[in-house]
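Input: a single structure, listed below in C-alpha coordinates.
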Amino acid sequence: MVSTFKYFIAFIVGVSLHLHQLEASQIYIGAQSVDITPELPVAVTGQFHLRIATEAETPLTANILVLESRENNRMEELAVMVSCDVLYIPIDLIADLRKSVKQRIPGLDVNKIFLNATHTHTAPVLAEEGEYWIPKEGVTQVKDYRLFFVEKVTEGIVSAWNSRTEGSVAWGLSYAVAGYNRRIAYSDGTSGMSSKTNLREFVNLEGSEDHDINTLFFWNKEGKLISMVIGVASPSQEVEGRHAVNADFWHPVRMGIQEKFGKEVCILGWVAAAGDLTPHLRYRKAADDRMRELRNLSRIEELARRIIIAVEEAYETVKTEKQVTPIFKHHIEKVPLPERWVTERDFLDADAFVSDAKKQIANDPKASERLYRRMKWQESTVERYKKQKDNPNPVYGMELHVIRLGDIAICTNEFELFSDFGIRMIARSKALQTFVVQLTGSPGWGSYLPTVKAVQGGAYSAVIHSTLIGPEGGQKLVDRTVEVINGLWPE
(Lines give C-alpha, C1' and ligand atoms only; values in the text may rest on other atoms or scores of the structure.)
Protein backbone atom coordinates (compact mmCIF):
# COMPACT_ATOMS: atom_id res chain seq x y z
CA MET A 1 0.00 0.00 0.00
CA VAL A 2 2.86 2.36 0.95
CA SER A 3 4.74 1.58 -2.26
CA THR A 4 1.58 2.22 -4.26
CA PHE A 5 1.12 5.57 -2.54
CA LYS A 6 4.77 6.49 -3.21
CA TYR A 7 4.33 5.55 -6.87
CA PHE A 8 1.21 7.71 -7.08
CA ILE A 9 3.01 10.71 -5.53
CA ALA A 10 5.98 10.22 -7.87
CA PHE A 11 3.61 10.04 -10.85
CA ILE A 12 1.85 13.25 -9.84
CA VAL A 13 5.16 15.06 -9.31
CA GLY A 14 6.44 13.81 -12.67
CA VAL A 15 3.35 14.96 -14.51
CA SER A 16 3.47 18.33 -12.73
CA LEU A 17 7.09 18.86 -13.70
CA HIS A 18 6.39 17.88 -17.31
CA LEU A 19 3.41 20.19 -17.57
CA HIS A 20 5.43 22.97 -15.95
CA GLN A 21 7.71 22.78 -18.96
CA LEU A 22 4.69 23.60 -21.11
CA GLU A 23 3.40 26.45 -18.97
CA ALA A 24 2.43 29.40 -21.09
CA SER A 25 4.39 32.66 -21.17
CA GLN A 26 3.58 36.06 -22.63
CA ILE A 27 3.94 36.09 -26.39
CA TYR A 28 5.80 38.87 -28.19
CA ILE A 29 5.29 39.59 -31.88
CA GLY A 30 7.22 41.47 -34.53
CA ALA A 31 6.37 41.71 -38.23
CA GLN A 32 7.82 43.31 -41.32
CA SER A 33 7.36 43.16 -45.09
CA VAL A 34 10.26 43.95 -47.45
CA ASP A 35 10.41 44.38 -51.21
CA ILE A 36 12.55 41.75 -52.96
CA THR A 37 11.66 42.77 -56.53
CA PRO A 38 14.80 42.36 -58.69
CA GLU A 39 16.48 44.86 -60.95
CA LEU A 40 15.34 44.24 -64.52
CA PRO A 41 15.85 42.52 -66.85
CA VAL A 42 16.25 39.24 -64.97
CA ALA A 43 15.99 35.52 -65.69
CA VAL A 44 12.86 34.04 -64.09
CA THR A 45 12.40 30.39 -63.19
CA GLY A 46 9.60 27.85 -63.16
CA GLN A 47 9.73 26.47 -66.72
CA PHE A 48 12.26 24.39 -68.62
CA HIS A 49 12.96 27.12 -71.18
CA LEU A 50 14.84 30.33 -70.44
CA ARG A 51 12.67 33.41 -69.86
CA ILE A 52 14.03 36.93 -69.41
CA ALA A 53 11.62 39.25 -67.60
CA THR A 54 11.68 42.85 -68.77
CA GLU A 55 8.84 44.13 -66.57
CA ALA A 56 7.59 43.68 -63.01
CA GLU A 57 3.82 43.30 -63.15
CA THR A 58 3.66 43.18 -59.34
CA PRO A 59 6.21 43.59 -56.58
CA LEU A 60 7.75 40.52 -54.95
CA THR A 61 7.86 40.60 -51.17
CA ALA A 62 9.35 38.72 -48.23
CA ASN A 63 7.00 38.78 -45.25
CA ILE A 64 8.51 38.20 -41.83
CA LEU A 65 6.99 37.19 -38.51
CA VAL A 66 8.99 36.97 -35.27
CA LEU A 67 7.37 35.10 -32.36
CA GLU A 68 8.92 35.05 -28.93
CA SER A 69 7.68 33.97 -25.51
CA ARG A 70 9.08 35.51 -22.33
CA GLU A 71 8.85 34.79 -18.64
CA ASN A 72 10.29 37.27 -16.12
CA ASN A 73 11.69 39.23 -19.06
CA ARG A 74 13.72 36.22 -20.21
CA MET A 75 13.28 34.59 -23.62
CA GLU A 76 11.65 31.17 -23.38
CA GLU A 77 11.11 30.30 -27.05
CA LEU A 78 11.55 31.80 -30.50
CA ALA A 79 10.56 31.37 -34.14
CA VAL A 80 11.39 33.59 -37.12
CA MET A 81 9.25 32.76 -40.15
CA VAL A 82 9.81 34.30 -43.58
CA SER A 83 7.44 33.79 -46.51
CA CYS A 84 9.01 34.71 -49.87
CA ASP A 85 7.56 35.34 -53.33
CA VAL A 86 10.01 32.96 -55.02
CA LEU A 87 9.89 29.52 -56.63
CA TYR A 88 12.19 27.81 -54.12
CA ILE A 89 14.70 28.53 -51.33
CA PRO A 90 18.13 26.93 -51.95
CA ILE A 91 19.67 25.35 -48.84
CA ASP A 92 22.91 27.27 -49.27
CA LEU A 93 20.99 30.56 -49.48
CA ILE A 94 19.37 29.83 -46.11
CA ALA A 95 22.86 29.36 -44.65
CA ASP A 96 23.95 32.71 -46.15
CA LEU A 97 20.91 34.45 -44.66
CA ARG A 98 21.42 32.95 -41.21
CA LYS A 99 25.05 34.05 -41.24
CA SER A 100 24.03 37.57 -42.23
CA VAL A 101 21.38 37.77 -39.49
CA LYS A 102 23.84 36.45 -36.91
CA GLN A 103 26.15 39.37 -37.68
CA ARG A 104 23.32 41.85 -37.11
CA ILE A 105 21.70 40.15 -34.08
CA PRO A 106 24.49 38.18 -32.35
CA GLY A 107 22.27 36.79 -29.59
CA LEU A 108 19.66 35.33 -31.94
CA ASP A 109 19.53 31.55 -32.44
CA VAL A 110 19.48 31.69 -36.24
CA ASN A 111 18.56 28.01 -36.47
CA LYS A 112 15.10 29.15 -35.39
CA ILE A 113 14.72 30.95 -38.74
CA PHE A 114 12.84 29.15 -41.48
CA LEU A 115 11.90 30.43 -44.92
CA ASN A 116 9.24 29.18 -47.28
CA ALA A 117 8.55 29.84 -50.96
CA THR A 118 5.08 30.71 -52.26
CA HIS A 119 6.22 28.92 -55.44
CA THR A 120 5.46 31.66 -57.89
CA HIS A 121 6.82 30.67 -61.32
CA THR A 122 7.63 34.27 -62.27
CA ALA A 123 10.41 35.07 -59.80
CA PRO A 124 14.18 35.29 -60.27
CA VAL A 125 16.50 32.31 -60.44
CA LEU A 126 18.11 31.67 -57.03
CA ALA A 127 20.12 28.50 -57.68
CA GLU A 128 23.74 29.54 -58.03
CA GLU A 129 24.88 26.52 -60.02
CA GLY A 130 23.73 26.46 -63.62
CA GLU A 131 19.95 26.20 -63.61
CA TYR A 132 19.83 28.01 -66.96
CA TRP A 133 22.42 29.23 -69.42
CA ILE A 134 21.91 32.88 -68.50
CA PRO A 135 23.59 35.61 -70.56
CA LYS A 136 26.60 37.11 -68.77
CA GLU A 137 25.65 40.64 -69.73
CA GLY A 138 22.47 42.67 -69.99
CA VAL A 139 20.57 40.87 -67.21
CA THR A 140 20.79 40.77 -63.41
CA GLN A 141 23.12 37.93 -62.49
CA VAL A 142 22.03 35.21 -60.05
CA LYS A 143 24.87 35.95 -57.61
CA ASP A 144 23.87 39.61 -57.50
CA TYR A 145 20.20 38.87 -56.86
CA ARG A 146 21.15 36.40 -54.11
CA LEU A 147 23.20 39.11 -52.38
CA PHE A 148 20.29 41.54 -52.74
CA PHE A 149 17.84 38.93 -51.40
CA VAL A 150 19.98 38.20 -48.32
CA GLU A 151 20.49 41.90 -47.62
CA LYS A 152 16.79 42.78 -47.88
CA VAL A 153 15.54 39.80 -45.87
CA THR A 154 18.18 40.42 -43.21
CA GLU A 155 17.01 44.03 -42.92
CA GLY A 156 13.43 42.80 -42.61
CA ILE A 157 14.27 40.31 -39.85
CA VAL A 158 16.21 42.97 -37.92
CA SER A 159 13.28 45.38 -38.24
CA ALA A 160 10.75 42.74 -37.14
CA TRP A 161 13.03 41.77 -34.24
CA ASN A 162 13.32 45.37 -33.08
CA SER A 163 9.57 45.91 -33.31
CA ARG A 164 8.59 43.03 -30.99
CA THR A 165 5.76 43.91 -28.68
CA GLU A 166 3.40 42.10 -26.35
CA GLY A 167 0.57 40.70 -28.37
CA SER A 168 -2.01 38.01 -28.90
CA VAL A 169 -2.88 35.34 -31.46
CA ALA A 170 -5.93 33.46 -32.71
CA TRP A 171 -6.25 30.64 -35.22
CA GLY A 172 -8.99 29.81 -37.68
CA LEU A 173 -10.06 27.37 -40.37
CA SER A 174 -12.16 28.04 -43.43
CA TYR A 175 -12.41 26.71 -46.98
CA ALA A 176 -11.81 27.91 -50.54
CA VAL A 177 -11.21 26.10 -53.80
CA ALA A 178 -7.78 27.27 -54.98
CA GLY A 179 -5.85 24.10 -55.83
CA TYR A 180 -6.90 21.19 -58.03
CA ASN A 181 -5.19 17.82 -58.44
CA ARG A 182 -3.20 17.91 -61.67
CA ARG A 183 -2.24 14.23 -61.84
CA ILE A 184 -4.58 12.57 -64.36
CA ALA A 185 -4.97 8.78 -64.21
CA TYR A 186 -5.85 6.73 -67.30
CA SER A 187 -7.27 3.26 -67.82
CA ASP A 188 -3.94 1.78 -68.98
CA GLY A 189 -2.38 2.48 -65.56
CA THR A 190 -0.40 5.53 -66.66
CA SER A 191 -0.79 9.08 -65.38
CA GLY A 192 -0.22 12.49 -66.90
CA MET A 193 0.80 15.77 -65.34
CA SER A 194 -1.73 18.51 -66.17
CA SER A 195 -2.87 16.34 -69.09
CA LYS A 196 -6.26 15.90 -70.78
CA THR A 197 -9.40 14.71 -69.03
CA ASN A 198 -11.78 14.86 -72.04
CA LEU A 199 -10.71 11.38 -73.17
CA ARG A 200 -12.44 8.03 -72.91
CA GLU A 201 -9.31 6.69 -71.22
CA PHE A 202 -9.58 9.20 -68.36
CA VAL A 203 -10.40 7.39 -65.11
CA ASN A 204 -9.93 9.79 -62.22
CA LEU A 205 -7.73 12.36 -60.57
CA GLU A 206 -4.83 10.41 -59.15
CA GLY A 207 -4.67 12.00 -55.69
CA SER A 208 -6.38 14.15 -53.13
CA GLU A 209 -7.28 17.83 -53.07
CA ASP A 210 -7.13 20.04 -49.99
CA HIS A 211 -9.40 23.08 -49.80
CA ASP A 212 -8.55 24.11 -46.22
CA ILE A 213 -7.60 27.72 -45.63
CA ASN A 214 -5.64 27.74 -42.36
CA THR A 215 -5.21 31.13 -40.73
CA LEU A 216 -3.34 32.78 -37.88
CA PHE A 217 -4.06 36.33 -36.73
CA PHE A 218 -1.70 38.44 -34.60
CA TRP A 219 -2.50 41.64 -32.68
CA ASN A 220 -0.26 44.02 -30.76
CA LYS A 221 -0.97 44.96 -27.13
CA GLU A 222 -3.23 47.80 -28.27
CA GLY A 223 -5.40 45.26 -30.10
CA LYS A 224 -4.33 46.35 -33.59
CA LEU A 225 -4.03 43.58 -36.17
CA ILE A 226 -0.38 43.54 -37.28
CA SER A 227 0.09 40.24 -39.11
CA MET A 228 -1.65 37.16 -40.41
CA VAL A 229 -0.68 33.80 -41.86
CA ILE A 230 -2.72 32.22 -44.67
CA GLY A 231 -2.12 28.58 -45.54
CA VAL A 232 -3.34 27.50 -48.99
CA ALA A 233 -2.81 24.10 -50.61
CA SER A 234 -1.85 25.45 -54.02
CA PRO A 235 1.33 26.70 -55.64
CA SER A 236 1.05 30.22 -57.06
CA GLN A 237 1.40 29.48 -60.75
CA GLU A 238 -1.65 30.88 -62.46
CA VAL A 239 0.52 33.20 -64.59
CA GLU A 240 3.45 30.78 -64.66
CA GLY A 241 4.51 31.19 -68.31
CA ARG A 242 4.96 34.95 -68.52
CA HIS A 243 8.20 36.76 -69.32
CA ALA A 244 7.62 39.01 -66.33
CA VAL A 245 8.09 39.25 -62.59
CA ASN A 246 4.81 38.50 -60.80
CA ALA A 247 3.83 37.32 -57.30
CA ASP A 248 0.81 35.56 -58.85
CA PHE A 249 -2.41 35.34 -56.83
CA TRP A 250 -0.69 36.29 -53.57
CA HIS A 251 -0.45 39.90 -54.74
CA PRO A 252 -4.23 40.50 -55.09
CA VAL A 253 -4.78 38.47 -51.90
CA ARG A 254 -2.54 40.85 -49.96
CA MET A 255 -3.99 43.94 -51.63
CA GLY A 256 -7.56 42.85 -50.87
CA ILE A 257 -6.84 41.98 -47.24
CA GLN A 258 -4.87 45.17 -46.62
CA GLU A 259 -7.70 47.21 -48.11
CA LYS A 260 -9.99 45.80 -45.44
CA PHE A 261 -7.65 45.43 -42.45
CA GLY A 262 -5.01 48.11 -43.08
CA LYS A 263 -1.93 48.57 -45.25
CA GLU A 264 0.38 47.82 -42.31
CA VAL A 265 -0.79 44.21 -41.94
CA CYS A 266 2.05 41.82 -42.81
CA ILE A 267 0.68 38.75 -44.62
CA LEU A 268 2.61 35.47 -44.80
CA GLY A 269 1.56 32.98 -47.46
CA TRP A 270 2.21 29.32 -46.63
CA VAL A 271 1.80 26.61 -49.26
CA ALA A 272 0.45 23.43 -47.71
CA ALA A 273 1.31 20.00 -49.15
CA ALA A 274 0.55 20.64 -52.83
CA GLY A 275 3.14 18.94 -55.01
CA ASP A 276 0.40 17.39 -57.14
CA LEU A 277 -1.93 20.40 -57.08
CA THR A 278 -2.33 23.44 -59.33
CA PRO A 279 -4.66 26.46 -59.59
CA HIS A 280 -5.41 25.42 -63.20
CA LEU A 281 -8.68 23.54 -63.72
CA ARG A 282 -8.52 20.10 -65.33
CA TYR A 283 -12.26 19.89 -66.18
CA ARG A 284 -15.45 22.06 -66.04
CA LYS A 285 -13.29 25.02 -67.04
CA ALA A 286 -15.89 26.62 -69.33
CA ALA A 287 -18.49 26.80 -66.55
CA ASP A 288 -15.94 28.23 -64.13
CA ASP A 289 -14.77 30.78 -66.71
CA ARG A 290 -18.34 31.90 -67.34
CA MET A 291 -18.91 32.70 -63.66
CA ARG A 292 -15.57 34.48 -63.41
CA GLU A 293 -16.26 36.54 -66.54
CA LEU A 294 -19.68 37.52 -65.23
CA ARG A 295 -17.88 38.86 -62.17
CA ASN A 296 -15.49 40.71 -64.52
CA LEU A 297 -12.43 39.19 -62.84
CA SER A 298 -9.16 37.77 -64.12
CA ARG A 299 -8.24 34.28 -63.04
CA ILE A 300 -5.84 35.43 -60.29
CA GLU A 301 -8.44 37.94 -59.08
CA GLU A 302 -10.98 35.13 -58.84
CA LEU A 303 -8.59 32.97 -56.81
CA ALA A 304 -7.86 35.94 -54.55
CA ARG A 305 -11.59 36.61 -54.10
CA ARG A 306 -12.17 33.08 -52.81
CA ILE A 307 -9.21 33.15 -50.43
CA ILE A 308 -10.09 36.59 -49.06
CA ILE A 309 -13.69 35.54 -48.34
CA ALA A 310 -12.39 32.50 -46.43
CA VAL A 311 -9.94 34.63 -44.44
CA GLU A 312 -12.60 37.21 -43.55
CA GLU A 313 -15.02 34.49 -42.41
CA ALA A 314 -12.35 32.93 -40.20
CA TYR A 315 -11.36 36.30 -38.75
CA GLU A 316 -14.91 37.27 -37.84
CA THR A 317 -15.37 33.89 -36.17
CA VAL A 318 -12.20 33.77 -34.04
CA LYS A 319 -11.36 37.43 -33.34
CA THR A 320 -12.81 37.18 -29.82
CA GLU A 321 -10.61 34.17 -28.97
CA LYS A 322 -7.28 36.00 -28.68
CA GLN A 323 -4.60 34.08 -26.80
CA VAL A 324 -2.03 36.13 -24.85
CA THR A 325 -0.08 33.29 -23.23
CA PRO A 326 -0.34 30.31 -25.59
CA ILE A 327 1.96 27.34 -25.07
CA PHE A 328 4.84 27.91 -27.49
CA LYS A 329 7.47 25.30 -28.38
CA HIS A 330 9.78 25.14 -31.41
CA HIS A 331 11.50 21.83 -32.21
CA ILE A 332 14.18 21.48 -34.90
CA GLU A 333 15.95 18.35 -36.10
CA LYS A 334 17.50 16.73 -39.15
CA VAL A 335 15.34 13.87 -40.39
CA PRO A 336 17.28 11.18 -42.31
CA LEU A 337 15.26 10.23 -45.40
CA PRO A 338 16.30 7.42 -47.75
CA GLU A 339 16.96 8.73 -51.24
CA ARG A 340 15.11 7.21 -54.17
CA TRP A 341 17.16 4.56 -55.97
CA VAL A 342 18.36 5.37 -59.48
CA THR A 343 18.14 2.24 -61.65
CA GLU A 344 20.49 1.39 -64.47
CA ARG A 345 17.65 2.06 -66.92
CA ASP A 346 17.16 5.51 -65.38
CA PHE A 347 20.88 6.16 -65.75
CA LEU A 348 21.12 5.01 -69.35
CA ASP A 349 18.11 7.08 -70.44
CA ALA A 350 19.36 10.20 -68.66
CA ASP A 351 22.93 9.79 -69.89
CA ALA A 352 21.73 9.46 -73.49
CA PHE A 353 19.60 12.61 -73.18
CA VAL A 354 22.48 14.59 -71.67
CA SER A 355 24.89 13.51 -74.41
CA ASP A 356 22.43 14.41 -77.16
CA ALA A 357 21.60 17.80 -75.58
CA LYS A 358 25.28 18.71 -75.31
CA LYS A 359 25.76 17.93 -79.00
CA GLN A 360 22.77 20.07 -79.99
CA ILE A 361 23.98 23.00 -77.88
CA ALA A 362 27.50 22.69 -79.29
CA ASN A 363 26.09 22.86 -82.82
CA ASP A 364 23.65 25.65 -82.03
CA PRO A 365 24.25 27.68 -78.82
CA LYS A 366 20.73 29.13 -79.14
CA ALA A 367 19.40 25.63 -78.38
CA SER A 368 20.57 26.12 -74.79
CA GLU A 369 17.50 28.29 -74.15
CA ARG A 370 15.21 25.28 -74.50
CA LEU A 371 17.58 22.39 -73.64
CA TYR A 372 20.02 23.51 -70.95
CA ARG A 373 17.76 23.28 -67.92
CA ARG A 374 16.29 19.93 -68.97
CA MET A 375 19.84 18.68 -69.60
CA LYS A 376 20.95 19.73 -66.09
CA TRP A 377 17.80 18.15 -64.64
CA GLN A 378 18.70 14.76 -66.09
CA GLU A 379 22.42 15.24 -65.46
CA SER A 380 21.66 15.24 -61.73
CA THR A 381 20.21 11.73 -62.16
CA VAL A 382 23.44 10.59 -63.84
CA GLU A 383 25.46 11.97 -60.90
CA ARG A 384 23.20 10.30 -58.35
CA TYR A 385 23.65 6.95 -60.09
CA LYS A 386 27.43 7.30 -59.98
CA LYS A 387 27.39 8.20 -56.28
CA GLN A 388 25.34 5.09 -55.53
CA LYS A 389 28.33 3.00 -56.58
CA ASP A 390 30.23 4.27 -53.52
CA ASN A 391 27.21 4.66 -51.25
CA PRO A 392 24.44 2.11 -51.94
CA ASN A 393 22.25 3.53 -49.15
CA PRO A 394 22.15 7.29 -49.74
CA VAL A 395 20.32 9.36 -47.14
CA TYR A 396 19.23 13.00 -47.27
CA GLY A 397 19.04 14.96 -44.01
CA MET A 398 16.01 17.25 -44.14
CA GLU A 399 15.65 20.12 -41.68
CA LEU A 400 12.32 19.75 -39.90
CA HIS A 401 10.67 22.50 -37.86
CA VAL A 402 7.69 21.64 -35.66
CA ILE A 403 6.02 24.38 -33.64
CA ARG A 404 3.31 24.16 -31.04
CA LEU A 405 1.44 27.43 -30.63
CA GLY A 406 -1.46 26.97 -28.27
CA ASP A 407 -3.76 24.36 -29.78
CA ILE A 408 -2.18 24.36 -33.24
CA ALA A 409 0.87 22.70 -34.77
CA ILE A 410 3.07 23.98 -37.59
CA CYS A 411 5.31 21.50 -39.42
CA THR A 412 7.66 22.12 -42.32
CA ASN A 413 9.21 20.16 -45.15
CA GLU A 414 11.54 21.04 -47.99
CA PHE A 415 9.66 19.39 -50.84
CA GLU A 416 6.82 19.80 -53.29
CA LEU A 417 5.04 17.30 -51.09
CA PHE A 418 2.12 15.42 -52.64
CA SER A 419 -1.15 16.25 -50.90
CA ASP A 420 -1.78 12.74 -49.58
CA PHE A 421 1.27 13.00 -47.32
CA GLY A 422 0.05 16.27 -45.83
CA ILE A 423 -3.40 14.81 -45.19
CA ARG A 424 -1.78 11.83 -43.42
CA MET A 425 0.04 14.23 -41.10
CA ILE A 426 -3.08 16.24 -40.34
CA ALA A 427 -5.23 13.13 -39.75
CA ARG A 428 -2.79 11.66 -37.21
CA SER A 429 -1.84 14.90 -35.43
CA LYS A 430 -3.00 15.46 -31.85
CA ALA A 431 -3.17 19.20 -32.50
CA LEU A 432 -6.56 20.84 -32.86
CA GLN A 433 -5.36 22.25 -36.19
CA THR A 434 -2.20 21.42 -38.14
CA PHE A 435 -0.47 23.73 -40.60
CA VAL A 436 1.74 21.92 -43.12
CA VAL A 437 4.28 24.23 -44.78
CA GLN A 438 6.16 22.93 -47.82
CA LEU A 439 9.16 24.31 -49.77
CA THR A 440 11.07 25.52 -46.69
CA GLY A 441 14.31 24.68 -48.48
CA SER A 442 15.33 23.19 -51.80
CA PRO A 443 17.35 19.95 -51.95
CA GLY A 444 18.16 20.59 -55.60
CA TRP A 445 16.67 19.26 -58.80
CA GLY A 446 14.48 16.54 -57.30
CA SER A 447 12.15 18.55 -55.09
CA TYR A 448 8.88 16.65 -55.72
CA LEU A 449 7.95 13.94 -53.22
CA PRO A 450 5.39 11.63 -54.88
CA THR A 451 3.15 8.82 -53.67
CA VAL A 452 3.35 5.17 -54.69
CA LYS A 453 0.43 5.71 -57.08
CA ALA A 454 2.24 8.58 -58.75
CA VAL A 455 5.48 6.64 -59.23
CA GLN A 456 3.52 3.78 -60.76
CA GLY A 457 1.72 6.20 -63.08
CA GLY A 458 4.89 7.99 -64.16
CA ALA A 459 5.06 11.44 -65.81
CA TYR A 460 6.72 14.67 -64.68
CA SER A 461 6.73 15.17 -60.90
CA ALA A 462 6.97 11.40 -60.30
CA VAL A 463 9.83 10.33 -62.60
CA ILE A 464 13.29 9.83 -61.10
CA HIS A 465 14.63 13.22 -62.28
CA SER A 466 11.81 15.00 -60.40
CA THR A 467 12.37 13.22 -57.11
CA LEU A 468 15.29 12.96 -54.73
CA ILE A 469 13.06 11.22 -52.17
CA GLY A 470 10.53 8.54 -53.08
CA PRO A 471 7.34 7.25 -51.43
CA GLU A 472 9.23 5.29 -48.76
CA GLY A 473 10.99 8.45 -47.64
CA GLY A 474 7.70 10.33 -47.78
CA GLN A 475 6.14 7.92 -45.31
CA LYS A 476 9.16 8.22 -43.02
CA LEU A 477 8.75 11.99 -43.16
CA VAL A 478 5.07 11.64 -42.21
CA ASP A 479 5.81 9.24 -39.36
CA ARG A 480 8.57 11.36 -37.81
CA THR A 481 6.64 14.61 -38.20
CA VAL A 482 3.59 13.12 -36.49
CA GLU A 483 5.78 11.68 -33.73
CA VAL A 484 7.30 15.08 -33.01
CA ILE A 485 3.95 16.88 -33.12
CA ASN A 486 2.29 14.42 -30.78
CA GLY A 487 5.26 14.61 -28.42
CA LEU A 488 4.37 18.26 -27.87
CA TRP A 489 0.89 17.23 -26.62
CA PRO A 490 1.76 15.10 -23.54
CA GLU A 491 -1.36 16.24 -21.72
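The values are calculated or read from the model by the stated rules, or taken from the named source; none is laboratory data. Remember, predicted model here, so these are calculated numbers, not experimental data. Note that each Cβ is placed from the backbone with ideal geometry, even for glycine, and that neighbours are counted across all protein chains shown.
Out of region 309-340, which residues are of a type in the set (S, T, N, Q) and outside any loop (DSSP other than H, G, I, E, B)?
Restricting attention to region 309-340, the residues satisfying the condition of being of a type in the set (S, T, N, Q) are 317, 320, 323, 325.
317, 323 - these are the residues of region 309-340 that are of a type in the set (S, T, N, Q) and outside any loop (DSSP other than H, G, I, E, B).
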Tell me whether region 436-443 contains one or more residues that are buried (at least 22 other Cβ atoms within 10 Å of the Cβ), at pLDDT 95 or above, under 20 Å from residue 46 (Cα atoms) and in contact with a Cys (Cβ under 9 Å, 6 or more places away or on another chain). yes
For residue 296, state whether it is more than 27 Å from the chain's Cα centre (by Cα) and on the phi > 0 side of the Ramachandran plot. yes
Given 58, 122, 54, which one is β-branched (Val, Ile, Thr), modelled with pLDDT of 95 or more and more than 26 Å from residue 267 (Cβ to Cβ)? 54
Collect the residues in region 67-104 that are modelled with pLDDT of 95 or more, more than 18 Å from the chain's Cα centre (by Cα) and of a type outside the set (D, E, K, R), keeping them in residue-number order. 67, 69, 78, 100, 101, 103
Criterion: at pLDDT below 95 and either closer than 18 Å to residue 82 by Cβ or not acidic (Asp, Glu) (or both) - qualifying residue of 172, 130, 156, 179: 130
Expected single match for over 30 Å from residue 69 (Cβ atoms), of a type in the set (Val, Ile, Thr) and touching a Ser or Thr at 6+ places or on another chain (Cβ under 6 Å) among 361, 426 is 361
Show the residue pairs that are 6+ apart or on different chains and have beta-carbon atoms under 6 Å apart, the first residue being within region 468-490 and at pLDDT below 95, the second being of a type outside the set (Phe, Trp, Tyr). 490/18
Can you run down the residue pairs with Cβ atoms below 7 Å, 6 or more apart or on separate chains, where the first is in region 170-196 and part of a loop (DSSP other than H, G, I, E, B) and the partner is surrounded by 20 or more Cβ atoms within 10 Å (Cβ to Cβ) and among the polar types (S, T, N, Q)? 178/234; 179/234; 179/278; 182/278; 194/278
Within region 36-66, track down each residue that is among the aliphatic types (A, V, I, L, M), over 19 Å from the mean Cα position of the chain (by Cα) and surrounded by 16 or more Cβ atoms within 10 Å (Cβ to Cβ). 42, 43, 50, 52, 53, 56
